[in-house]
1. Only one of (1) open to solvent by 60 Å² or more (accessible area, probe 1.4 Å); (2) closer than 17 Å to Asn67 by Cα; (3) not hydrophobic (A, V, I, L, M, F, W, C) fails for Lys117. Which number is that?
2. If you go through segment 46-55, how many residues are farther than 13 Å from Ser87 by Cβ and free of Cβ contacts under 8 Å to residues at least 24 places away in the same chain?
3. Kindly indicate whether any position in segment 149-157 is within 30 Å of Asp58 (Cβ to Cβ), out of contact with any Ser or Thr (no Cβ under 7 Å at 6 or more places or on another chain) and among the basic types (Lys, Arg).
4. Hey, any hits in segment 81-104 for a residue that's in a helix (DSSP H, G or I), modelled with pLDDT of 95 or more, open to solvent by 50 Å² or more (accessible area, probe 1.4 Å) and farther than 24 Å from Glu130 by Cα?
5. Looking for whichever is more than 12 Å from the chain's Cα centre (by Cα), of a type in the set (Gly, Ala, Ser) and open to solvent by 20 Å² or more (accessible area, probe 1.4 Å) here; the options are Ala54, Ala40. Which one fits?
6. Just need a number here: residues in segment 136-154 that are farther than 18 Å from Met109 by Cα and touching a residue at least 24 places away in the same chain (Cβ under 8 Å).
7. Need the failing condition index for Gly110 against (1) assigned to a helix (DSSP H, G or I); (2) within 24 Å of Lys80 (Cβ to Cβ), just the number.
8. Just to be sure, is Leu72 surrounded by fewer than 16 Cβ atoms within 10 Å (Cβ to Cβ), of a type outside the set (Gly, Ala, Ser), closer than 19 Å to Phe51 by Cα and touching a helix residue (DSSP H, G or I) at 6+ places or on another chain (Cβ under 6 Å)?
Amino acid sequence: MKKIYILCPLLFTLFCSNADHSNDQKKEALELNKKAISVASNNPKEALELFRKAASLDPKNVDYINNQGAILLTLKEYEKAIPLFKSAIQLDEKYARGHYNLGVCYSEMGDYNSSVKNYKKAILYSPGGENLEARFNLGAAYAKLKKKKEAIQEFKLFLSKAQPSNNQAIEEAKKRIKDLEKK
């Protein structure tokens, strides 16, 4: 019996020290992520490297994986971004941002059927079941697929939820509805 009592504190100590190490890595990853966000617009390559380091320290954090893909998306390196978004989604099937970004990639590549599928998932998995960016882009993808009725419906849903501060997108949605109704 004494051996069990001696081993238990030892195992507890080992587990706790491992947890502390894990927490330190997560804190370091968070700091790297913050730094990457701050440099992303001026130095996307540096941001990409920082996001990679953050993901290596905390590989289950879908945001760090997604952020790498987002940088590649802005650099128009869609083929490299897609596997990152898919990896994030594999870790968390309901990761709305990953689905949204994957939809953007597919849309930019002209694969509107795949973009529609991902925008729908982004909307489904967003808090409250709403994602205005995805809703607007879903309308645009439907329009590219010549699905006029669906496109108009999505733009109208976007307009019903859009805030007045989003004036430019509101005007664009109205214009697209008007253009679609003419066809």
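1. Result: Lys117 fails condition (2) only.
2. Of the residues in segment 46-55, 3 are farther than 13 Å from Ser87 by Cβ and free of Cβ contacts under 8 Å to residues at least 24 places away in the same chain.
3. Checked segment 149-157: no residue is within 30 Å of Asp58 (Cβ to Cβ), out of contact with any Ser or Thr (no Cβ under 7 Å at 6 or more places or on another chain) and among the basic types (Lys, Arg).
4. Yes, segment 81-104 has at least one match.
5. Residue meeting the stated conditions: Ala40.
6. Here is the first cut: in segment 136-154, the residues farther than 18 Å from Met109 by Cα are 147-154.
In the following step, the residues that additionally are touching a residue at least 24 places away in the same chain (Cβ under 8 Å) were identified as 148, 151-152.
Within segment 136-154, residues that are farther than 18 Å from Met109 by Cα and touching a residue at least 24 places away in the same chain (Cβ under 8 Å) number 3.
7. The failed condition is (1).
8. no
The values are calculated or read from the model by the stated rules, or taken from the named source; none is laboratory data. What you see is a predicted model; the values in this text were computed from it and never measured. When we count neighbours, we look across all protein chains shown, and the Cβ atoms used for this are built from the backbone with ideal geometry, even at glycine. Remember, those area values only see protein heavy atoms, side chains included, never the ligands or the DNA or RNA. Shrake-Rupley method; radii C 1.70, N 1.55, O 1.52, S 1.80 Å.
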